[in-house]
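Scroll down for the structure; my scribbles are underneath it.
The values are calculated or read from the model by the stated rules, or taken from the named source; none is laboratory data. This one's a predicted model, so the numbers in the text were calculated from it and none came from an experiment. Reconstructed Cβ throughout: ideal geometry from the backbone, glycine too, with neighbour counts over all protein chains shown. Only protein heavy atoms, including side chains, enter the accessible area calculation; ligands, DNA and RNA are left aside. Shrake-Rupley method; radii C 1.70, N 1.55, O 1.52, S 1.80 Å.
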Amino acid sequence: MKDRSLRAHFPFFSHPQNQQLLYFDNAATTQKPDIVISTITDYYSIHNVNVHRASYQLAANTTSKFEQSRVFVQEFIHARYASEIIFTKGATESINLIAIALAETNLPEGGRILVSATEHHANLVPWQQLAKKKGLHIDVIPIDSNGCWQVEQGLSLISDKTCIVALGMVSNALGSVNKVGVFIEKAKQFNSITVLDAAQAVSHLELNVQSLDCDFLVFSGHKAYGPTGIGVLYGKQARLNALPVFLTGGEMIEKVDYQTSSFQPPPFKFEAGTPHVEGVLGLHQALQFIQTHRVEIKKNESALVDYLRQTLEQVDGVRLFGDADNSIATCSFIVEGCDSQDLGTLLNEQGIAVRVGHHCAMPLMNTLNVPGTLRISLACYNTVQEIDKFALALHQAIAKLNNVNLMTSDSGTQS
Ligand code: PMP
């Protein structure tokens, strides 16, 4: 039997409403394969019970599927123990969990937090809040005019004052794959806490937390073909044991009396309340999909991004950002003389879904001195034919805007 194409796994594209749509906003969220959708439907149709609580068989079965999903995530990111995997709402909640819990610990007076100039707000604002509470300072790995990290300068910022190093593995705004390994290596010399934001990495790169040797790693399910509202916080066992609790209530306790409570060990210590059961089951299937098709996904995406880059390089006035040699399937660019928002609007009129703006990385856009960029973010199911259609639409949009510019400057000269 011939294997299905990757695209055929995604019912979104065969729905009449979407057949003409070019979906190029995968860094915002990916479409879902049918196995993820049917797993969620089956949960509500057949297996719906609360987990971890009841003694009856159906609850035991669903709890077992839920915990098998945790083991799958553990294996997927090569964690040492399943108890190092905590289910959260997403990358944002995972980072907040760490930052809020760390506020309850002793952090060194005058300590410093290292982030990069390309961080998503989700890996910046929680650290700013922590810095405010604890009197810490934020250092920023600088970038060059393309938005690539200046690694040596960044490394020189790590010192015995650095208590936290929190870095995005892949820039959501530019697509660049960042050299996080050398930063973790240096941070470890000072016993700094290392946090990796893998939100944009998880669907494109193989993750191995043991070889990365980070203390924490976070991602969201919905950017990796999984459901929304589910994410992962990986933490090294010793770091999780030392981290104070975040949310409190049912499920996370060991013993409660009217005055005090004791708490379970990780992961349950950090999973108060009823979890997002169908999210966890769906995430399991999404990661399984990636694992099963990893070679094909990688092949498709690297061919697509090479083609997209070449296509864009041929368009007059295009200025591409990011690391051309080390990137996921995302291109971020501006067109000299054209407003990116106007281009986005004209592309939308042609049924092309792209993202325009600061991409939740305002400080990055300010540093690059642009109001925003146009971002094409591809996934395994996109095609070369779609890129060709996009290129044509982009040429037409640029021509139209240049005409308008010409007309307004002509009428300006006449008046
Ligand atoms: N980090 C990065 C690099 C991201 O791209 C995103 C989402 N755009 C996040 C964190 C936050 O993810 P979520 O909104 O799913 O919590």
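Quick notes on this structure:
- Percentage relative contact order, the range 20-83, counting C-alpha pairs under 8 Å, at least six apart: 16
- Residues with amide H under 5 Å from that of ASP139, placed H, sequence gap 5 or more: ILE113, LEU114, VAL115
- The chain: relative contact order in percent, alpha carbon pairs under 8 Å with at least 6 residues between: 21
- Cα extents of the range 94-166 along the three principal axes, largest first (Å): 38, 25, 16
- R0 of 41 Å, Cβ-Cβ distance SER159-MET407: FRET efficiency to nearest 0.05: 0.10
- Note, ³J(HN,Hα) from phi for the range 230-235, Karplus 6.51, -1.76, 1.60, rounded to Hz, x at Gly and Pro: 10, x, 10, 10, 9, x
- For HIS358 and GLU152, the difference between the fully extended length at 0.36 nm per residue and the C-alpha to C-alpha distance is 71.5 nm.
- At R0 = 35 Å, FRET efficiency that the Cβ-Cβ distance of TYR44 and HIS121 yields, to 0.05: 0.60
- The 1.4 Å probe gives accessible areas that order SER145, SER5, SER192, largest first, as SER145, SER5, SER192.
- The range 293-415, relative contact order in percent, only Cα pairs under 8 angstrom and at least six apart counted: 28
- In terms of overall dimensions, the C-alpha atoms belonging to the range 153-258 reach 54, 38, 22 Å along their principal axes, ordered largest to smallest.
- Percent breakdown of C-alpha pair distances by 20 Å bin, ordered from the shortest bin, for the chain: 25, 53, 20, 2, 0
- Gyration tensor verdict on the range 1-122 (Cα atoms; rounded if a/c is under 1.5, prolate if a/b is larger than b/c, oblate otherwise): oblate
- Segment ASN18-SER211, extension gain: residue separation times 0.36 nm, minus the distance between their alpha carbons: 65.4 nm
- As a rough guide to protection, the peptides 258-271, 103-116 ranked by mean Cβ packing within 10 Å, highest first, stand as 103-116, 258-271.
- Dipole magnitude of the chain, debye to nearest 20 (Cβ charges: Lys/Arg +1, Asp/Glu -1, about Cα centre): 700
- In this label model, ASN326 and GLU75 are separated by 3.1 nm, measuring between points 7 Å along each Cα→Cβ vector.
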